[in-house]
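Novice: One structure follows; several queries about it will come next.
The values are calculated or read from the model by the stated rules, or taken from the named source; none is laboratory data. Predicted model only: the values in this text are computed from it and were never measured. Glycine also receives a Cβ, built like all others from the backbone with ideal geometry; neighbour counts cover every protein chain displayed.
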Amino acid sequence: MSSPELVSQANLHMLYCNHHNWLRGWLRKQVGCSETAADLAQDTFIRILLKETTPQLDSPRAYLSTIARGLMANHWRRQALEQAYLALLASRPEPLVPSVEEQHLVLETLLQLAEVLEGLPRRDKQIFLLARLDGLKYQEIAGRLGISLNMVQKAMVRAMHNCYRLLYE
């Protein structure tokens, strides 16, 4: 292991030792559940661990809480999506309810789709969903939305770039 890697690991170790309990307590106040708080605290440090280098921090708690806020937002978004899906399943007649495995696969697919759409402008999301879920051709989308074919193509390029980024970066 090279010297910079040792320094980076030492920095991360000190950051963890000095602030993990504080972060877990702060998260517990935010989410109201000690188990979820513990998971989010660990995920916060995993995010830092996966970075190329551990940054030198003037305000470690601000840095940790910024990362943790993003993870909380993802947690709440996932929870809301899961609840909406379960509510939909509950409204279906019993024979039409998919198996637990199928439910899990659908939920994971919905979460991936939500992640792909995250950060895209509203119109780009609409175009992507019309193309991928409704199966409309680009020309049909352009006509339905009253925009040019070129605008539809550019929106799909942005959406596909988001997909690529999530898969390969």
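Novice: Which of the numbered conditions does M151 fail, given that it passes all the others? Conditions: (1) surrounded by 11 or more Cβ atoms within 10 Å (Cβ to Cβ); (2) closer than 27 Å to Y85 by Cβ; (3) not hydroxyl-bearing (S, T, Y).
Specialist: Single failed check for M151: (2).
Novice: Checking the conditions here, which among T54, T36 is hydroxyl-bearing (S, T, Y), surrounded by 14 or more Cβ atoms within 10 Å (Cβ to Cβ) and at pLDDT 90 or above?
Specialist: Result of the check over T54, T36: T36.
Novice: While we're on this one: Determine, yes or no, whether A73 is at pLDDT below 85, of a type in the set (A, V, I, L, M) and surrounded by fewer than 16 Cβ atoms within 10 Å (Cβ to Cβ).
Specialist: It is false that A73 is at pLDDT below 85, of a type in the set (A, V, I, L, M) and surrounded by fewer than 16 Cβ atoms within 10 Å (Cβ to Cβ).
Novice: Among L110, L130, L136, L81, which is touching a Leu at 6+ places or on another chain (Cβ under 6 Å), part of a loop (DSSP other than H, G, I, E, B) and either at pLDDT 85 or above or within 25 Å of T36 (Cα to Cα) (or both)?
Specialist: Within the list L110, L130, L136, L81, the selection yields L136.
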